[in-house]
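To keep things clear, I will list the structure first and then write my remarks on it.
What follows is calculated from the coordinates using simple rules that are stated; it is not laboratory data. Treat the numbers as computed from the prediction; the structure is a model and nothing was measured. Cβ: placed from backbone, ideal geometry, glycine included. Neighbour counts: every protein chain shown.
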C-alpha cells in the first residue's frame with residue numbers, strides 16, 4: 001500500500017515497491033524521460049545542428065568534404081609517392097585499406113566527439129539548468145544525437161566510396177544502421193557518466209583531451225585485432241569497429257559473440273551512466 005508523507009506542507013504519495021518493481025521502473029525511467037521531453041530534445045537539437053556551420057560559406061558541404069578529404073589523404077599516404085610503408089593485408093589495394101581505416105575512424109570519431117564534449121556539457125548549459133526547470137539528463141541524449149548526425153553523413157560517404165571502388169555494396173550493408181542503435185546507447189551512457197564527473201571537476205575535460213588520442217592506439221583503427229585475442233575486446237569500441245567492417249567492407253555477418261558483447265556493453269554503460277548521473281542530479285545544480 002502507498003503511504004503519504006508531508007514535505008514542506010505538501011502531501012507526497014510514496015509507493016511501496018518490491019525489488020523487481022523498482023528494477024523495472026529504473027529500466028523504464030530514462031526511456032520515459034526521453035519520450036516526455038522529446039519536444040525539448042528536438043528543439044535544442046535543431047538549434048545545435050543549425051549552429052554547427054553558422055558563418056561558414058561552405059555550410060553543410062564541409063560535413064561531406066571532411067570524410068572525402070580523409071579518404072583521399074589515407075589513399076595518397078599509402079602510395080609510393082609518399083613512400084610510406086603499406087601495412088594492409090596482402091593483396092589489399094591502398095584505396096581499400098583507406099576505407100578499412102575510415103570505417104574504424106567513423107566509430108572512433110563518434111566516441112571522441114562525445115568524450116571531448118561531455119565533461120563540459122553541463123557547464124555549457126549552466127544558464128538553462130540554474131535558471132529554469134530544465135531536464136539536465138537530456139543534454140547527453142541531445143549531444144549524442146547531434147554527433148550521430150555528422151557520423152551518419154560520414155557513414156553515407158563511406159558507403160558511396162565502397163560502392164564506387166567495389167562496383168556495389170554487399171547485402172549486409174543494409175544492417176549497418178542497426179549498429180548505431182547500441183553504439184548511441186553506449187555513448188549516451190558514457191556521456192551521462194562524464195557529465196556528472198565534469199560537473200564536480202573541470203579536470204575531467206582536460207583528462208579526456210590527453211587520454212582520447214592515446215586511446216586510438218588501443219582501438220583497432222589501423223589494424224584488425226588477432227583472431228581469438230580477447231584483450232582487444234576489453235575496449236568496447238573494438239566490437240563496434242569490427243561489426244562495421246564486417247557489414248560494409250567484407251560483406252559477412254559479424255561473429256555472434258562479438259555482437260552479444262557489443263549489446264552487453266551498450267546496455268550496461270547506458271544504465272550505469274544514467275544511474276550515476278541520477279544519483280548526483282540534485283547536487284549538480286549547486287556545483288556547476
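Remarks
- Label sites at residue 280 and residue 165, each approximated as a point 7 angstrom past Cα along Cα to Cβ, lie 4.2 nm apart.
- Each peptide in 270-276, 107-113 was scored by the mean count of other Cβ atoms within 10 Å over its residues; highest first, the order is 107-113, 270-276.
- Tilt relative to the chain, helix 38-51 - C-alpha long axis, 0 to 90 degrees, to 10: 40
- For the chain, the 222 nm mean residue ellipticity estimated from helices alone, with every DSSP H stretch of n ≥ 4 adding -39500 (n - 2.57) and the total spread over all residues, rounds to -22000 deg cm²/dmol.
- Ratio of Rg to Rh over the stretch 37-287 (Cα coordinates, Kirkwood Rh, two decimals): 0.99
- Residues in the stretch 252-288 that a label on residue 202 would reach, taking backbone N under 13 Å of a point 7 Å out along Cα→Cβ: 288
- The angle between the Cα long axis of helix 19-36 and the main principal axis of the chain comes to about 70°, on a 0 to 90 degree scale.
- Taking a point 7 Å from the Cα of residue 61 along the Cα-to-Cβ direction, none of the residues of the stretch 125-155 has its backbone N closer than 17 Å to it.
- Degrees between helix 256-279 axis and first principal axis of the chain (Cα, 0 to 90, nearest 10): 30
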